[in-house]
Each structure stands twice: as C-alpha cells, then as structure tokens.
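Novice: First the structure, which I've put down as structure tokens, then a few questions once you've had a look.
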Amino acid sequence: MLDQILAPDHQEQSQRLIEAMRYSVLDGGKRIRPQLVYATGRALGLDDALLDAPAAAVECIHAYSLVHDDLPAMDDDDLRRGQATTHIAFDPATAILAGDALQALAFEILTSETWLHCAHSQRVELIHLLSLAAGKAGMVSGQMRDMAAEGQALTQAHLEQIHAQKTGALLRACVLMPAALCQHLDADGHASLDRFATRIGLAFQVRDDVIDIESSTETLGKTQGADDAHNKATYPALMGLERAKTYADQLVDQACDALDMIGGDTGPLINIARRIVARDS
Ligand code: GRG
C-alpha cells in the first residue's frame, strides 16, 4: 500500500519530498508494529484486508518519529537501519518535512475510503486511537519527558511512565486498533488485549536498553551506546543488566498469560512477544 501511495512523483517540486518519505518508511526496519496489527487481527478473526490501512498508518507514524528523533536538534544520529539517517541522506529541512508529511499521511490513509472499508464510527475510533497514541498524551509527550529527564536519576515508576508514552503508546495502538474493528470483542477480551499490549510495550523498551549496551553498531544498524552518550536513564542503569533481561522476560510472560482470555489464534501474537525479548537489533 505505501509503495503505491508513495509512487515517485514526477512533479519537480515534490519529487524530493516523496523520495525522502520513501527512504524513511520503505527502506528497512523490522516492521514490528504492522506485524502486531495483523497478529491481533488474526487473534480476533479479522480479514487481513481490513488491517492494511491501520498497519500502514502506524508504520508512517513510527517512521516519522525516527526521522525526527535522529535530527541534530534531538539525538543527532547519523545511522539508522544500517544506512544514513534521513537528514544526512537528504538535509535537515527535508527530513523535518518528510517526517511531517508521513505523520499527515497516516491520517490520510485512515480517512481514505479507498484504503479502508469500515463503518464510520470505527474509522473515527481508529483515528482517535492513533492520534492519542502519537501526540501530547502519547509518543510526543514521552519524547519530551525523556529529553527533560536526561542526566537525572529516575525511579523505576517514573521511567516506566515515560516509556509507556514514548514507546508503549504506539505499540498499544497496534493492538487497540484491530480491537476497535472487531464487532464481537467484549470488555474482558478488550482488557486482556490491552494488558498484553502494555506489557510488551514495556518489554520492548527494556530490551531496547539492553541491546543498546550489548549489541554492536553493525547489528543494531544505529549507533551503539547512544543511551549512555545522551545520559539517558535506562533499565540496565537502574537495575543492572542481568535483572533488566529477567524483567523483560517476566513482562513477556505476563503479556502472554493475558492472552488466555482470547479464544482465537493467539500464536502470532505470542511469537511477536517472544521475538521482542530475543531480538538483538
Ligand atoms: C521525535 C516525535 C518524536 C518521537 C520520538 C519513538 C521515539 C520517539 C524515538 C525513537 C528513539 C528510540 C530508539 C526509542 C526506543 C524504542 C524504539 C521506538 C526503537 C525503534 O523501533 P524499532 O526497533 O525500529 O521497531 P525499526 O527500525 O525496526 O522500525
């Protein structure tokens, strides 16, 4: 879908913008968020075609966040997904605009009747969930609080609040969007999926902190040791490396236990949860 929507533009003035958007969203990445959307849909018995739009939309938001996070005014990173960050491959102004346009594209996709066929109320709910996850109550707020906390000693509760917003909110939306498309999900089922999403969101961040120490720049595809260089509060710094790894495993166990309430095929969700703590990039 994204390859089609972002077909190279032959109009001279926007060609560079489209190139930068394609570079940022189509070239690499593990695609964990779209996979989570499809896996949740599978657990709920939804048709894959209904999930293409939310999956593409969430990846656009994710890609924009990485482009902006790498900018000189933020983490100032040169390497992402094993290649030059967007502002290096293009220039900072183009990277800002490509990120902005990717964010807008996410909502363009969800509002498009070409790309998403669902009831009006469900469409509104998807837009609501994604905007909450991305904005001032979610990812952007988490990023702001993360920057403000640099160099400070945080409690685990404070660190978890920040990460629930910065990383967790978008991962949670990947589960809650398919849930919103499901007609037969009751309140208990919804609460179980929410608990699953919250636990894997946290596990994802704990693992991210661990691999920032243990993995190499080559394997990560981004600069290793960046957390330490930016004086960030991390789980290994707070509780030690081995305890952080155990904690991530426990979170994933709790997440998988929460799926017991879901009657459908939860295998793909469990697979993703296990991969989150096994990954080294
Ligand atoms: C700049 C608005 C704004 C927000 C930035 C998500 C984020 C907030 C910053 C990214 C910094 C970072 C490394 C966060 C830790 C978790 C995370 C999102 C890692 C990258 O996600 P992956 O591993 O990336 O899924 P790929 O490249 O596989 O898509």
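The values are calculated or read from the model by the stated rules, or taken from the named source; none is laboratory data. In this text, all values refer to a predicted model and were calculated from it rather than measured experimentally. Cβ placement follows ideal geometry from the backbone for every residue including glycine, while neighbour counts extend to all protein chains displayed. To get the accessible areas, we keep the full protein, side chains included, count just its heavy atoms, and leave off ligands, DNA and RNA. Shrake-Rupley method; radii C 1.70, N 1.55, O 1.52, S 1.80 Å.
Novice: Report, to two decimal places, the Cα Rg of the range 42-155 normalised by 2.2 N^0.38 Å (N = number of residues). Don't skip to the end; give the middle numbers.
Specialist: Numbers: Rg = 16.5 Å, N = 114, 2.2 N^0.38 = 13.3 Å.
Cα Rg divided by the expected 2.2 N^0.38 Å: 1.24.
Novice: If you don't mind, another one. For the chain, what are the per-bin percents of Cα-Cα distances with bins 10 Å wide, up to the bin holding the maximum?
Specialist: Here the calculated profile for the chain is 7, 29, 36, 22, 6, 0.
Novice: Relative contact order of the chain: what whole-number percent is it, with Cα pairs under 8 angstrom and at least 6 residues apart?
Specialist: Details: 416 pairs, mean separation 61.8, N = 281.
It comes to 22 percent, rounded to a whole number.
Novice: Can you give me the solvent accessible area of SER14 with a 1.4 Å probe, rounded to the nearest 10 Å²?
Specialist: 30 Å²
Novice: Let me ask you something else. Quick one: length gained pulling MET1 to SER14 fully straight, 0.36 nm per residue minus the C-alpha distance? Can you show the working numbers first?
Specialist: On the way: separation 13, 0.36 × 13 = 4.68 nm, distance 1.96 nm.
Residue separation times 0.36 nm, minus the Cα-Cα distance, leaves 2.7 nm.
Novice: Restricting attention to the alpha-carbon atoms of the range 89-229, what are Rg (one decimal) and Dmax (integer), both in Å?
Specialist: Radius of gyration, then largest Cα-Cα span, for the range 89-229: 17.5, 49 Å.
Novice: What list of whole percents do you get for P(r) of the range 1-104, with Cα-Cα distances grouped in 10 Å bins up to the one holding the largest distance?
Specialist: 15, 44, 28, 11, 1
Novice: Further question: Could you calculate the contour length gain from GLU242 to ILE127, that is, 0.36 nm times the residue separation minus the distance between their Cα atoms, to one decimal place in nm? Mind dumping the intermediate values first?
Specialist: Values: separation 115, 0.36 × 115 = 41.40 nm, distance 3.93 nm.
Extra length from GLU242 to ILE127 when fully extended: 37.5 nm.
Novice: Please state the relative contact order of the range 145-264 as a whole percent: Cα pairs under 8 Å, 6+ residues apart?
Specialist: Rounded, it is 35 percent for the range 145-264.
Novice: Past the 22 Å Cα-Cα mark, which pairs from LYS166/LYS222; LYS136/LYS245; LYS166/LYS232; LYS166/LYS245? Walk me through the intermediate numbers first.
Specialist: On the way: LYS166/LYS222 18 Å; LYS136/LYS245 30 Å; LYS166/LYS232 13 Å; LYS166/LYS245 20 Å.
Beyond 22 Å between Cα atoms: LYS136/LYS245.
Novice: Rounded to the nearest 0.05, what FRET efficiency do ASP186 and ASP47 have when you use their Cβ-Cβ distance and R0 = 22 Å? Before the final figure, lay out the partial values.
Specialist: Values: r = 20 Å, r/R0 = 0.93.
Between ASP186 and ASP47 the formula returns 0.60.
Novice: How large is the charge dipole for the chain, taken about the Cα centre, if only the Cβ atoms of Lys, Arg (+1) and Asp, Glu (-1) carry charge, to the nearest 20 debye? Before the final figure, lay out the partial values.
Specialist: Values: 23 positive and 40 negative charges, 83 e Å.
So the magnitude is around 400 debye.
Novice: How much FRET efficiency would the formula 1/(1 + (r/R0)^6) give for GLU218 and ALA278, where r is the Cβ-Cβ distance and R0 is 25 Å, rounded to 0.05?
Specialist: Working: r = 19 Å, r/R0 = 0.74.
Efficiency computed from Cβ-Cβ geometry: 0.85.
Novice: If amide H atoms are built 1.01 Å from N in the plane of the peptide, which residues on other chains or at least 5 residues away come under 5 Å of the amide H of ARG80?
Specialist: Result for ARG80 returns THR85.
Novice: Within the chain, which DSSP H helices have Cα atoms that stretch 20 Å or more along the helix axis and a mean Kyte-Doolittle hydropathy of at least 0.0? Each step should come with its number before you reach the end.
Specialist: Working: long enough: 12-26 (21 Å, -0.39); 48-69 (31 Å, 0.61); 92-111 (29 Å, 1.19); 120-134 (21 Å, 0.53); 187-214 (40 Å, -0.04); 241-258 (26 Å, -0.55).
What comes out of the filter, once short or polar helices are dropped, is 48-69, 92-111, 120-134.
Novice: Which residues does the label zone of THR155 cover in the range 214-235, counting backbone N under 20 Å from a point 7 Å along Cα→Cβ?
Specialist: 233-235
Novice: Mind putting a number on the dipole of the range 30-72 about its Cα centre? Charges go on the C-beta only, +1 for Lys and Arg and -1 for Asp and Glu, and I need it in Debye to the nearest 20. The partial results should precede the final answer.
Specialist: On the way: 4 positive and 6 negative charges, 31 e Å.
I would put it at about 160 debye.
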